[in-house]
Every structure is written in C-alpha cells, then in structure tokens.
Amino acid sequence: MGKLSLINSVSRTAMAAVVVTGLAPLGAWAAETTATTDAATTAATEQETKDEAAKTAAVDEMVVISERDKAGLLEKQPSNLLLGLEKPLLETPRSASFVSDETMAAYGVTTVDDLAAVSPGTFTSSYYGVEGALNVRGLLAETYFHGFKRIENRGTYQTPLGATSRVDILRGPPTANFGPGKVGGLLNLEPKTAKVSEEAGYMTEVSGQVTGTLGSYGKKNGSFEAGIPLNFGDTGGGVFVYGEIEDSESYYRGIEPEHQLLQTTAQFDTLDGWTYGGGAMYYNSEGYVQTPGWNRVTQSLIDNGTYITGQNTGIIDANGNGYVDRSELPPGGLTHAPECFGFCDVPLVYRQLDTGVGTTQLSHRDVYTSDSDFSDTETLTLYGDLIKAFGNGSKLSMQLFYDSLSNQRFVSYGFPADYDASTTEGRVSYAFDVNAPNLPLNASFNVGTSYRYYEANKKESFNYGGIALDRRDISLGATPTDTLGSPFIAGSGYVWDYNNDSTWDDTGFFAMGDFDLDDKMTITLTGRYDSYTVDANDTGALCYCTPGAQHDNDADFTYSAMAMYKGPYGIRPYVTYAETSAIEFGQAGDVSPTNIANKNWLSEGDLAEAGIKLDAFNGVLTGALAYYLQHRTVLDPVGGGVDETEGRGVELELRYLATKNLSFTFAGNVQKTTFLDSYDAFYYFTPATFGYNPADYYGAGLVGYSFSGIAAITGNSYYSGEIEDRRIPEVVASLYSTFTSDKYDWGYAGSTVGVRYVSSTAGLAASPVKYPDYFLVQASAYVDFADWRVALNIDNVFDEEYFTPLQDLYGDVAVLPSKGREWRTTATYRF
C-alpha cells in the first residue's frame, strides 16, 4: 500500500465512481445543498430508482474502461489548462492531444522529439541535435509550464520531461487565457504534485520511488520522487519532490550530456474553498553541445555514404594556440556571396581543398564536434496559485509565474552565444457558469487579465564572416585551421557582433464563453486585447542593425470562434477559426531594434480548422480527425526579416482499448508548409546550387542574402516564387500496441511495440539533396513485482539508417545522421 503505481491504479477506479455518483472523496471538500418537497410521489421515487440504476451502470462502464486503460491513454478528468474552462479534450473544438506520465513510460518517451509517436503533427527537424523545442504543424511551437509561456529554447538545452505528470499539445494558436502567441501550436508541461486528481484528492501516505537507468553508449540516469501528505486542521494537501541526475555519453562521439534537476511542488485545500499551491524547478546542464551533424552534403553521401575528404592549407594557425585567431582569418572572412557579383568572393587560396582530397566512408557516430564546443545552461522556474472556489460553483484564480535562463555556448565552426533572459507574469481570472431558466442553454465563462514582463540580453557573433561549415573534414576531426576562437577566449580578437538588451511587456484582458445548446451543440467564443511596449538597444560591434535605443508600443485584439455538434455514436464534428498576433522573438526571446524601428515586431496569423472528435463504445475507441489551413510568420535570425508561411494538412489520432490487456494507438498527419512570396532570409547553399566544383569552395561558406536575390543571379524562377519547406516531411505516421498481462501472485508484465513512418525530406534549394523515407521500430518490455519494476527499452530495433535535416539556415548544407540501435534498462523501487 502507499505505492505510487497503486495510488494511480486505485484512483482511476475511485474517480470513475466519484465523477458519476457525485461522492466526495477524501481530501476534497464540497458545499452541499439539499432541497425538500412535501409533494413526493411514487412517480418521483420510480424516477430516482431509474436514475440510480443508470448511475450504477455508468460506474460499471467507467470501471471497465479504467481497467482497460493500463497505458494512461484516456483523459481521466476534464482539464482547464488549455481553455480555462473545465472541458474534456474530446469535447473541445480544437485539435489537441494529451500524454500522461503513464503513456510516456509505456512508449519510452524521454524527449520532446519522442512525442511524435503519440501526437500527430509534431515531427521535429534537427535543432543542431538538441531536443529542446517541438515543431507543431511544420513550425516551431512554444513551450509552456503550468499554463505559462517559458523562455525560448531553440536547441539551447534538452527539455526535461521526467518531472512532468502530463503533457498537453495544442495545435493552432494558444487560447485567450494563455496569452498571445503564434499559430502553429504549443506544448504545456504540468509538474507532478501530491494531488492524485480533483476527485480522488491527495495522496494519503508518504510514497515514492527511486529509479536508475543504464544503457548503451554510456547512458546513466538516476531519479528520485516522493509525495508527502500534510494536513493541518481544516487544511489538507501535500508536497511532492522530484530529483534527477544525468551523466551520460551518447551515440555521437564527442557529445557527453549531463544535467541535474530538482523540482518541488506543494498544494493545499481548505474547507472554506481556498487552494494554495506553488512550485519551483531548478535545472542545470552541460554537454548538450550543438552539432550540425554531417557537412559536405551530397546525394552520394546520403545514398552511398561517400564523403568528400580534403583540407585547405591557405589559413594557418601562426601562433600555434590551436585555433584561428580573428587576425588569422582572411581580410574579408570566409563568407562567399555570389549575389555580390565578385565583390564578396573569398580568394581561391583560402577556400580550395588543396590536400588530402578524395573520398571515404563516414560512421553515423562521427559528427561535427570538437573539444572546444560547449553549452552550459541554468534555468529556474517558479509558480504560485491562490484559488478560491465559491459555493455557487464559480472560481477566482490568482497566479504568478517566473522563469529565467542563462546559457553560454560555442560551436567551433565559429558561433558563440551568451543568453540571459527572465520573465515574470501575473494572471487573475474568474470562471463562472450561467444557466438560463426554462431555456435549453447553459454557459460557462472565464474572464481575466494578465501582465507579462520580459527582459533579455543576447550576445552572438557570426557577422564577422568566419563561419564555413564545410571547411572541416569530419573524417579527420577538428584541426586548428577549422576551429575558430570566440569572445569567451581573451586575446583571440573576437568580440560580440550582437549585444542586444531588450525588454518588453504585455498587459492583456481576455474573455471566454462556452455555450451549451440543449446538450447538442457547443459554441465557444474567445477574445483578447493586448497592449505592448518594446525596447531594445544593441551595442554589438557588428550588428548591422538600427543604432541607438529603440522604443515602440502597439496594441491588438485577437479572437477565436469554435462550434461543435454532439452527434450520435460519439461523433462530434467541429469548426474553428482564429486570428492571432505575437511578438517576433530572437533566440533569447529578445526583440531586434531594427524590427522595432521598422515597426514589424508584431505579426499576425490566422487558422481555419474543421474536424471530428470521436468517443465511441463508452470510451473504448477515441480519436480526432482534423483539417487545417493556417498562416504564420517566421523571423529570419540573421537578417531580421519576416517571412509569411502557409500551412495546410490533415491529422488523425486514434486510441483503441481493445481488451483489458491490449491497446492500440495511431497518430498520423499529411502536411505541406510553404513560404509565400519566396523566402527572403539569409541561407547557406551547397556548391552544386551554383554549378561549382565542391573542392574549390568547401573551404568557405556559400551564402545567399535572400532567395529572390539568388533568382536574379541564377535565372531560376524557382527562387522567386513560393518555396515549400521540404525539411518537414509531408507524411508522418505511427502505430503502437501495448500489452499488459493479467495480475498474478508474483505481479504482472507488459510490452509495447511501435513503428513510425517518415516520408522523404530535402532542403530548400531548387535541386536539393534528398533524404529517403524510413520506418523506425521501437520496443519495450517490463515486469512489475513486489515493490520493483524493471523495464527494457530498445530504440531503432532494426538499426535503420536515416537522416534528419536541420531546421535552421544550414538546412541544405548539413544533415543529422540517425542514431543506431540503442537500449536502456530501468529499475524502479517503490516505497
């Protein structure tokens, strides 16, 4: 007794009875009202008997479903996290998925990239090999914690999931209560707490678990978690503590990630309707260095593994310090731009491979790294909730949130960065219901206000022109003449090209209404008004930006309208339309002074969506089908321009509890994302794009300042029209099956097997290198006995070789090779 897994199992059954019969469980307080009448009749008594019989039958059905849901596939209770209204996702007219901690364990989900196995539309291209952000519907998604937007994380550090009880994935823009945001999607992480559920209340005994993981390629991870119930007079609740340590090597040679995480949450309820809650999460990591993967990308490299070797000796490490000083670079750097018509050419002596030219075969384990590369990150996240539930069912919520990030990184091809950012947000909301007497109409409302303040200092260097990704011969590893210095090294001659101090704030007001018409149709309307103030001042040595302090303010109104029809057999068609606006952020969440001066720091987007939600056979088969058309902007991280995209696609998600032992899930999507009116952003190209001999140009970096400019010099009209983003696959589909045995005297066992299909991808150039489609098989098995659980996970069971393009400006000149077969075994002791 008192074990976490037993609590979760028991709570599912108890919760089913509570939801249907209205019983008040331990740890939950409710105000009760009774009504009496002197005109009791036999008919009323008979009706009451029928109602009780129906409730009993419903309880039996829910218990059966609960017994089948061993992998935590069904939403146990309505959530107000995404909409601010108590509403199950299957009754919400938006495309959304949730992933419980039980599902993450069963499916082997340890990083945000793994979520593609469970949720459609979430395939993520490589952000330099660091699984920090999620792509949703072909574009970068925003990350939230407990309903609040976190600091930007575009491959800065690996987003931790171990301390999470539930992951919500909302496709499309954030709803009004979350604040302004872009179309595409968001990821919300809900921390573990001592509260089992709203209905089942809090943990009743001190319980927890200790977990240790060992795996291939030096995988080592350990975690500890414990829930402690605490009761003081008429106040009941508890504290939950989670800690994790990672000290591993990795499949890729030269990358050895380490992190430490400590999270503590506390929550208490009182008899008079108050809820006090809060939490803190501290995260520290190093070793999650960024890597572009393989350079010198050719079709022969992808198809046959043939890599072009060779080095350039025109640049020398004259002082022998092991890297290229700023003074040792050519006067014009190593950036070769054909758009300059010869005025930006790098002399042949510095760009031509003049020694060791040939071919070889590369191992997928050998990628672009060096001993000079590093990435050190520290984050602190805090939140606090003060909630008052009134006797009439309304609720007043007062919440505070804080998040900070400090990151220093260096990639030896010549990209240093130093980010410091923090954000503070306060939100007050009031949720209440309105029932129309004698009318078949019920309404729920959530109104409120919020204030968010963000400050960031972003330091980066790349405008000096030293980045030449193809300069290094990966088969030989890093050498002094392809390793650059940085501002982190005193005396290297490098300075910060960008040093942007940026602040912005947002004062917002929102209102949301959900109208239920005769339990047949729901109409949901949301609106939000935001008033922004932005400031920035970049004092970098070579920022090519608007000089001096820049200031601006603006305001905008955003809204959404949704409708759902509750049809027979659990079929619920719906439609959604939304218009949004959001600030154009840099890597640190900063705003560029040039964007402020040009008044293009605030961008708009829209979404049209139609779909069907399914809840059939009393929850045995659930799912959703959605079609969407969206428009959203993308910020050029180098030039600062803003490009508009159009995305359209179809998504299908199914979860089938076949028996009490067997369940299946399917998640798939077909999508296409296009840059409208060309792609006018800074981008790197392969020599083949211009018909050049690769050996003559691999020592430098071939760039284009805009695709329309490339059209002018190549005469290829492809670059002046719409550009499909082929770095995101058009088709992604996954099919998983989970088996759980009956319980025996010794315990029980289970397994999960899944296959994921990813269609072919490519870069953005007119005739890019193409990366073939692939199937990826994953499998896991576990035994659960006494106080122990031992699990084995195998990723990429058949050692499939595949490639993932970069999502950034190196999408045509670098690609991340697949990891081979990996295994890990995890032992968990519960107490």
Starting from the Cα of residue 220, draw a straight line to each of the lysines and keep only those under 21 Å, dropping any in the same chain fewer than 8 residues away. 819
In this structure, the FRET efficiency calculated for residue 571 and residue 442 from their beta-carbon separation, with R0 = 30 Å, to the nearest 0.05, is 0.90
Taking the Cα centre of segment 438-482 as origin and charging only Cβ (+1 Lys, Arg; -1 Asp, Glu), how large is the dipole, in debye to the nearest 20? 200 debye
Mind giving me the FRET efficiency for residue 340 and residue 451? R0 is 60 Å, r the Cβ-Cβ distance, nearest 0.05 is fine. 0.80
Can you give me the % of accessible surface on the chain that is carbon or sulfur? Probe 1.4 Å, all protein chains present, nothing else counted. 56 percent
What is the angle, in °, between the Cα long axis of helix 42-68 and the longest principal axis of the Cα atoms in the chain? Nearest 10 is fine, range 0 to 90. 30 degrees
Counting only protein chains, not ligands or nucleic acids, how are 660, 770 ordered by accessible area (probe 1.4 Å), most first? 770, 660
Which values, in whole Å and largest first, are the semi-axes of the equivalent ellipsoid of segment 715-809 obtained as the square root of 5 times each eigenvalue of the Cα gyration tensor? 44, 11, 10
Calculated [θ] (222 nm, deg cm²/dmol) that DSSP helices of n ≥ 4 give over the chain, each run adding -39,500 (n - 2.57): -2500 deg cm²/dmol
Can you figure out the FRET efficiency of residue 520 with residue 348, using R₀ = 51 Å and their beta-carbon distance, to the nearest 0.05? 0.10
For the pair residue 666 and residue 509, how long in nm is the line joining their label points, each one 7 Å along Cα→Cβ? 4.8 nm
Rank 624, 639, 661 by how far each Cα sits towards the positive end of the charge dipole of segment 600-661 (+1 on Lys, Arg Cβ; -1 on Asp, Glu Cβ) and give me just the farthest. 661
Could you give the length gained on full extension between residue 316 and residue 677, defined as 0.36 nm per residue of separation minus the Cα-Cα distance, in nm? 125.6 nm
With θ taken as phi - 60° and the coefficients 6.51, -1.76 and 1.60, list the Karplus ³J(HN,Hα) couplings across segment 586-591 in order, rounded to whole Hz; mark glycine and proline as x. x, 4, 9, x, 8, 10
Trypsin sites (Lys or Arg not before Pro) restricted to DSSP loop in segment 468-564 with at most 14 other C-beta within 10 Å: 520
Over the heavy atoms of residue 752, what accessible area does a 1.4 Å probe trace out, to the nearest 10 Å²? 10 Å²
Semi-axes of segment 314-375 from the Cα gyration tensor (sqrt of 5 times each eigenvalue, largest first, whole Å) come to 25, 19, 14
Report Rg(Cα)/(2.2 N^0.38 Å) for segment 58-208, keeping two decimals. 1.06
With a 1.4 Å probe and every protein chain left in place, tell me how much accessible area residue 746 has, in Å² to the nearest 10. 130 Å²
Distance in nm between label sites at residue 390 and residue 260, each 7 Å beyond Cα in the beta-carbon direction? 4.7 nm
Semi-axes (Å, rounded, descending) of the ellipsoid equivalent to segment 642-742 per its C-alpha gyration tensor are 44, 18, 9
Under unit Cβ charges (Lys, Arg +1; Asp, Glu -1), what dipole magnitude, rounded to 20 debye, does the chain have relative to its Cα centre? 1280 debye
Where only C-alpha atoms are counted, convex hull volume of the chain per residue in Å³: 154 Å³
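The values are calculated or read from the model by the stated rules, or taken from the named source; none is laboratory data. Nothing here was measured: the structure is a model prediction, and the numbers come from that model. Every residue, glycine among them, receives a Cβ derived from its backbone with ideal geometry; neighbour counts consider all protein chains shown. For accessibility, only protein heavy atoms count, side chains too; no ligands or nucleic acids. Shrake-Rupley method; radii C 1.70, N 1.55, O 1.52, S 1.80 Å.
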